[in-house]
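Take a look at the structure set out below.
The values are calculated or read from the model by the stated rules, or taken from the named source; none is laboratory data. For clarity, every value in this text was computed on a predicted model and none was experimentally measured. As a convention, Cβ positions derive from the backbone with ideal geometry for all residues, glycine included, and neighbour counts pool all protein chains shown. The protein model used for the area step is the full one, side chains on, heavy atoms only, and it has no ligands, DNA or RNA in it. Shrake-Rupley method; radii C 1.70, N 1.55, O 1.52, S 1.80 Å.
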Amino acid sequence: MEKERYDGEVVDCLTLILPTVGCSWDSCYMCGFTLESDRKATQKSIFHGFLKAVESKKAEILKIFTSGSFFDEREVSRETREKIYRKALELGFRKIVVESRPEFIDEKVAEEIKNSGMEIEVGIGVETSNDLYREYLINKGFSFDEFVRASKILKGVAKVKAYLLLKPPFLTEREAVEDVLKSILDVKRYVDVISLNLMTVHRKTVIERIWRKGVYRPPWLWSAVEILKRADAYIICDPVGGGKKRGPHNCFRCDGDVVREIKLFSLYQDKKVFKKDCECFELWKLSMDAEELTDLFIFP
Ligand SMILES: [Zn+2]
């Protein structure tokens, strides 16, 4: 259970992770969610798991994450999805939040959402508007155009959320910050909300391998603060793993406070929440500049 903003108020949100057979793509360098999937999952077990999780809980918003794509028939069939909408409606949820890769979003899905009787928000992990970064640094397997196509289909029937990733490997801290700021400008006309996701080093991923070799550092929380302060868009950010070695972090002393400020910002969109100061802020600024000097990897 967590708090979310809805219709101008802060309400309760129940988050479920439904183990399905897993993501069809399953090749992104940072993703370890396949460890959470269940090869033996059936539509029956998925719906049963859903029922068990929702029946005793009261909340306004229901987030359903499958560690893949909610609209992928292989993971959750249309029949199961429709059973989920009906049950959520019956239990009084006001909104469902799901995630999907763009290739699973078509006119039929738009029709299904329209007929669900629920307000539905679809998160799409576009990560960056830079096709080269998405392809070579993340291995995402779809283009910005495909994201735009999917958001246009959803427009009018669903809310669209874009996930942006800070920071893919092989970028300096500054390049990563600038990439997110540029991506915000590029995606904001297609979406209702942007979710800034800060890289966390998951087990058994390419990112973990380069992190262990000492050539990757998860983003500074100061970088996230810089983006949230500079951007002009509706942006939320939940720094998962914030203040941990594998997650986005500063100096480990100020992290708890900065994570709290970022979460507060997400709820109220008020830049005045950023008050925390720490000695490591200067170190962050220094490394933003110094890293550029040693950056020999020139990406097109
Ligand atoms: Zn600090």
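Given the criteria assigned to a helix (DSSP H, G or I), away from the ligand (no atom under 16 Å from the Cβ), in contact with a Lys or Arg (Cβ under 6 Å, 6 or more places away or on another chain) and open to solvent by 90 Å² or more (accessible area, probe 1.4 Å), does residue 229 qualify?
On the way: assigned to a helix (DSSP H, G or I): yes; away from the ligand (no atom under 16 Å from the Cβ): yes; in contact with a Lys or Arg (Cβ under 6 Å, 6 or more places away or on another chain): yes; open to solvent by 90 Å² or more (accessible area, probe 1.4 Å): yes.
Considered against the rule, which asks whether it is assigned to a helix (DSSP H, G or I), away from the ligand (no atom under 16 Å from the Cβ), in contact with a Lys or Arg (Cβ under 6 Å, 6 or more places away or on another chain) and open to solvent by 90 Å² or more (accessible area, probe 1.4 Å), residue 229 comes out as yes.
Using the structure shown, decide if residue 97 is β-branched (Val, Ile, Thr), in a loop (DSSP other than H, G, I, E, B) and open to solvent by less than 10 Å² (accessible area, probe 1.4 Å). Walk me through it before giving the result.
Details: β-branched (Val, Ile, Thr): yes; in a loop (DSSP other than H, G, I, E, B): no; open to solvent by less than 10 Å² (accessible area, probe 1.4 Å): yes.
Considered against the rule, which asks whether it is β-branched (Val, Ile, Thr), in a loop (DSSP other than H, G, I, E, B) and open to solvent by less than 10 Å² (accessible area, probe 1.4 Å), residue 97 comes out as no.
Can you say whether residue 283 is open to solvent by 60 Å² or more (accessible area, probe 1.4 Å), modelled with pLDDT of 95 or more and assigned to a helix (DSSP H, G or I), as far as the supplied structure shows? Give the derivation first.
Values: open to solvent by 60 Å² or more (accessible area, probe 1.4 Å): yes; modelled with pLDDT of 95 or more: yes; assigned to a helix (DSSP H, G or I): yes.
Taking the combined requirement at face value, the residue satisfies it.
Quick test of your reading of the structure: residue 275 fulfils all but one of (1) under 24 Å from residue 121 (Cα atoms); (2) within 16 Å of the ligand (Cβ to nearest atom). Name the failing condition by number.
It is condition (1) that residue 275 fails.
Please determine whether any residue of the stretch 61-71 is touching a residue at least 40 places away in the same chain (Cβ under 8 Å) and open to solvent by 50 Å² or more (accessible area, probe 1.4 Å).
no
Looking at residue 196 and the list (1) under 16 Å from residue 128 (Cα atoms); (2) in contact (Cβ under 8 Å) with a residue 40 or more places away in the chain; (3) surrounded by fewer than 19 Cβ atoms within 10 Å (Cβ to Cβ), which single condition is not satisfied?
Checking residue 196 against (1) under 16 Å from residue 128 (Cα atoms); (2) in contact (Cβ under 8 Å) with a residue 40 or more places away in the chain; (3) surrounded by fewer than 19 Cβ atoms within 10 Å (Cβ to Cβ), the one that fails is (3).
Do the conditions hold for residue 225, that is, is it touching a Leu at 6+ places or on another chain (Cβ under 8 Å) and aliphatic (A, V, I, L, M)? Lay out the reasoning, then the answer.
Working: touching a Leu at 6+ places or on another chain (Cβ under 8 Å): no; aliphatic (A, V, I, L, M): yes.
It is false that residue 225 is touching a Leu at 6+ places or on another chain (Cβ under 8 Å) and aliphatic (A, V, I, L, M).
Filter the stretch 248-266 down to the residues that are in contact with a strand residue (DSSP E or B) (Cβ under 7 Å, 6 or more places away or on another chain) and either without any contact (Cβ under 8 Å) to a residue 60 or more places away in the chain or within 13 Å of the ligand (Cβ to nearest atom) (or both) and list them by number. Can you show your working first?
Pass one, the stretch 248-266, residues in contact with a strand residue (DSSP E or B) (Cβ under 7 Å, 6 or more places away or on another chain): 248, 266.
The answer is 248, and nothing else.
In the stretch 120-156, what residues are open to solvent by 60 Å² or more (accessible area, probe 1.4 Å) and not in a loop (DSSP other than H, G, I, E, B)?
Looking only at the stretch 120-156, we keep the residues that are open to solvent by 60 Å² or more (accessible area, probe 1.4 Å), and these are 131-132, 135-136, 145-146, 149, 152, 155-156.
The answer is 131, 132, 135, 136, 145, 146, 149, 152, 155.
In this structure, is residue 208 surrounded by 13 or more Cβ atoms within 10 Å (Cβ to Cβ) and either modelled with pLDDT under 95 or within 16 Å of the ligand (Cβ to nearest atom) (or both)?
Details: surrounded by 13 or more Cβ atoms within 10 Å (Cβ to Cβ): yes; either modelled with pLDDT under 95 or within 16 Å of the ligand (Cβ to nearest atom) (or both): no.
No.
Looking at residue 268 and the list (1) open to solvent by 20 Å² or more (accessible area, probe 1.4 Å); (2) among the hydroxyl-bearing types (Ser, Thr, Tyr); (3) more than 30 Å from residue 13 (Cα to Cα), which single condition is not satisfied?
(3)
Being surrounded by fewer than 20 Cβ atoms within 10 Å (Cβ to Cβ), within 14 Å of the ligand (Cβ to nearest atom) and of a type in the set (Asp, Glu), is that true of even one residue in the stretch 237-245?
For the stretch 237-245, residues surrounded by fewer than 20 Cβ atoms within 10 Å (Cβ to Cβ), within 14 Å of the ligand (Cβ to nearest atom) and of a type in the set (Asp, Glu): absent.
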